[in-house]
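Inspection log for the structure reproduced underneath, given as structure tokens.
The values are calculated or read from the model by the stated rules, or taken from the named source; none is laboratory data. What you see is a predicted model, and the numbers here were worked out from it, not measured in a lab. A quick note on method: Cβ atoms are made from the backbone with ideal geometry, for glycine too, and the neighbour counts reach across all protein chains shown.
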Amino acid sequence: MDQPKIDPRLYQITILSGLLIYGISRLDFDIDAGRAALILSITLLTQFLCGAGYNLPKVDPKSALISALSLCLLLRANATAPVIAAAVITIFSKFVLRYNGKHLFNPTNFGIVFMMLCGANIWVSPAQWGAAATFAFLMACFGGLVVNRASRSDVTYAFLGCYLVIVFGRAFWLGQPTAIPLHMLQNGGFLLFTFFMISDPKTTPDSRAGRILFACGVALGAGFVQLVLYRPNGLLWSLAFFSMTTPLIDRLLPGVKYSWRSAGSISELSTPIKQRRMI
Amino acid sequence: MIRKTIFAATFFASVGLLGGLAYSFCGFYVAKADTKLFNRASQVVIARHDDKTVLTMSNDFKGELKEFAVVIPTPTLIERDQIHIADRALLDHLDAYSAPRLVEYYDENPCMIRMFKMEAGPSVGAIEEKALDKAKSLGVTIEAQYTVGEYDILILSAKQSSGLESWLKENGYRIPPGAGPVLESYLKQGMKFFVAKVNLAEQAKLGGAYLRPIQIAYESPKFMLPIRLGMVNAEGPQELFVYALTRKGRVETTNYRTVKLATDLELPLYIKEGFGPFYQALFAQHTEKENREALFLEYAWDMRWCDPCAADPLSADELRRLGVFWLDGEADSNGSRLIPQRPFRGAGAQEVFLTRLHVRYDSAHFPEDLVFQETADRQNFQSRYILRHPWKGTDECAEAAAYRKTLRDRQEKEAQTLASLTGWKIEDIRNKTGLDGIVIPKKWYQKLWE
């Protein structure tokens, strides 16, 4: 498999950190530096404790840091308790909800969806990014794909392609000007989801065919929630739902399980990697 | 044929100034910037809970009543019982209660007490048989027709937008060019059309020159306001005030940025005489800063109280008449007002959270309809501006000397704040500000030969 020389997570951490600082200082995100620090601390602490509890030889904070930064960018709450709970559940899900050596859900996605299902007083503000930040973020995201030659970017391309067909197809059917679907895509939350969440190599199916199937399912599900049910957070709900189908997709379309290059990561919890037929 | 101008989803109300000053912890309330400051303004109240929505719409139509008409896309078929005519005073009250406000403080004598430090408030028609046949031939179904109050109302559904467009034109509605595709888009989304015009005979019986707000109640997961039809061929941007009355918390848009207005800022004292122009300039500046692509939060507050109160909170009866259906009958059923100016957690709890959004929109910057979501955010917010009157005494003490030294800096900072908020020239502001309030202490020899 074509692995990048530098851990792509370092690039992701840099982009997400920059976006968070810009969001807090310039875009008036409903989160302050203290709350962000709290999320980062709780997430890393939980990672450390779970790592110790599961006897991991070395705790790699990079994945936890990405989860924490994503939580900072997406999760909003008045009270501190639901934020702490979401941070703990996010990391916990990586250790507890596992199937065949992989965690089942993208941790941030699970943390937020779980809290929403519990009826916790949290919310996600998808449109608070502004056109300039969204465009800069888009460039950074595509830049990341190029720089990191991310081996599992196929899921991002497949999702993006399918979602574009849904959004533009709907606009065409309704006779709407292209400004409408373009505006729907100018959304920082959508980019964060596309490039950082659905593309999580630890939770997507192992085979390329499986990942493309998975990505199309998530896009259709998100479109259904947003454009048929008229409910917000369609992307998050859809990803959480289709993540549960990953074991089935892996069984039907087996492939080689992904492993971050750095040692001691959560991947060490995995059962030994079985070499599977590449599709 | 009478030609009626379509005001699709555009609505307005005016407000009488409330007399007197109300004392509050967060300063003396001085003035407010209500919706009548803005031309071409519409007001919409959305009371929503569990997909049940009551929409109250008011517009600022000032022409001949016979020329008035609205065409509003609705998510469901609206029956007679789902239409109601509201009292305009309700909207006026809601506007007054939630408008951006100006408060003032007076500095204390620094020699007597320590400088008072402001503690920030909690962040807080009838259709003939022939006409029916004509409608049918155009593929337009008149689902229902009612006369409610001073309005003749038609509920239309159609197979094709061209038929609907033709029907509206043939019936005297001035449909702007380019409306066809927009109508088509709403039709394909399964939406119906609520068409209202003034029944002049009924209007004459009622008397009065203005039109009362129309209310419709429906149940739909769609939490949105269709603004696209109103933007077709619109001359310049339009103003819209959205008051969301919800149970859980603040409402925001999910497809446009919702930005909190700059608040709790100290301004030069002369703004007291021109709070309206100040607020207009501030809003224009905010709009430009956000590239005309955002909605602005003017007020978000638990309706049990206010601080300072630009007007009393609405009574449970007023809230019910604005569509708040979830209040239980026992609490505050006599329409009495709740205790303003402090949180009240007792038996009369309203469980109503008000969000006031203000948007200046046009088709270039707002291609999509407004889509909303209710958040769990119960943090109170108000756009509030402060005047601090300097202490003008002549007492001498170390604190007074220090106070006088900082006063000029404070006034300069207030001038700069005003310039940055409004885009007005700093030189003009400095000229108007002058050195008001600064007393130059007399030298010992001046006092000697007084």
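State whether the residues of the stretch A:138-160 include one that is within 14 Å of chain B (Cβ to nearest Cβ) and at positive phi.
Scanning the stretch A:138-160 turns up no residue that is within 14 Å of chain B (Cβ to nearest Cβ) and at positive phi.
Out of A:135, A:105, which single residue is more than 10 Å from chain B (Cβ to nearest Cβ) and not in a helix (DSSP H, G or I)?
From the options A:135, A:105, the qualifying one is A:105.
State which residue is farthest from the other protein chains (Cβ to nearest Cβ) when the search covers only the stretch A:223-242 and only residues that are among the polar types (S, T, N, Q) and within 18 Å of the chain's Cα centre (by Cα).
A:238
Mind listing just one residue for me: the one in the stretch A:108-132 that is at pLDDT below 85 and assigned to a loop (DSSP other than H, G, I, E, B) and, of those, farthest from the other protein chains (Cβ to nearest Cβ)?
In this case the residue turns out to be A:129.
Is one or more of the residues making up the stretch A:74-81 within 26 Å of residue A:153 (Cα to Cα) and part of a helix (DSSP H, G or I)?
yes
Quick one: in the stretch A:49-60, of everything that is surrounded by fewer than 17 Cβ atoms within 10 Å (Cβ to Cβ) and part of a helix (DSSP H, G or I), which residue is farthest from the other protein chains (Cβ to nearest Cβ)?
Filtering the stretch A:49-60 for residues that are surrounded by fewer than 17 Cβ atoms within 10 Å (Cβ to Cβ) and part of a helix (DSSP H, G or I), the one farthest from the other protein chains (Cβ to nearest Cβ) comes out as A:52.
Collect the residues in the stretch A:235-261 that are small (Gly, Ala, Ser) and surrounded by fewer than 21 Cβ atoms within 10 Å (Cβ to Cβ), keeping them in residue-number order.
A:255, A:259
Any residue in the stretch A:171-183 that is in contact with an Asp or Glu (Cβ under 6 Å, 6 or more places away or on another chain) and away from chain B (no Cβ under 14 Å)?
No.
Which ones in the stretch B:156-172 are of a type in the set (Asp, Glu) and surrounded by fewer than 16 Cβ atoms within 10 Å (Cβ to Cβ)?
If the condition is that a residue be of a type in the set (Asp, Glu) and surrounded by fewer than 16 Cβ atoms within 10 Å (Cβ to Cβ), then B:170 is the only one that fits.
I need the full set of residues from the stretch B:52-67 which are in contact with a Leu (Cβ under 9 Å, 6 or more places away or on another chain), at pLDDT below 85 and surrounded by 21 or more Cβ atoms within 10 Å (Cβ to Cβ), in order please.
B:59
Restricting attention to the stretch B:354-380, and to residues there that are assigned to a loop (DSSP other than H, G, I, E, B) and of a type in the set (S, T, N, Q), which single residue is farthest from the other protein chains (Cβ to nearest Cβ)?
Looking at residues that are assigned to a loop (DSSP other than H, G, I, E, B) and of a type in the set (S, T, N, Q), I get B:380.
Could you check the stretch B:253-271 and list, in sequence order, the residues that are part of a loop (DSSP other than H, G, I, E, B), within 25 Å of residue B:355 (Cβ to Cβ) and more than 7 Å from chain A (Cβ to nearest Cβ)?
Within the stretch B:253-271, B:261, B:262, B:263, B:264 meet the criteria.
So if I check each of B:408, B:378, B:360, which one is over 26 Å from residue B:51 (Cα atoms) and out of contact with any Pro (no Cβ under 6 Å at 6 or more places or on another chain)?
B:408
Cβ-Cβ distance below 6 Å, separation of 6 or more or different chains: which pairs start in the stretch B:286-304 with a residue that is closer than 19 Å to residue B:319 by Cβ and end on one that is among the charged types (D, E, K, R) and outside any strand (DSSP E or B)?
Pairs found: B:300/B:250.
Tell me the residue from B:276, B:249 that is within 14 Å of chain A (Cβ to nearest Cβ) and under 18 Å from the mean Cα position of the chain (by Cα), please.
B:249
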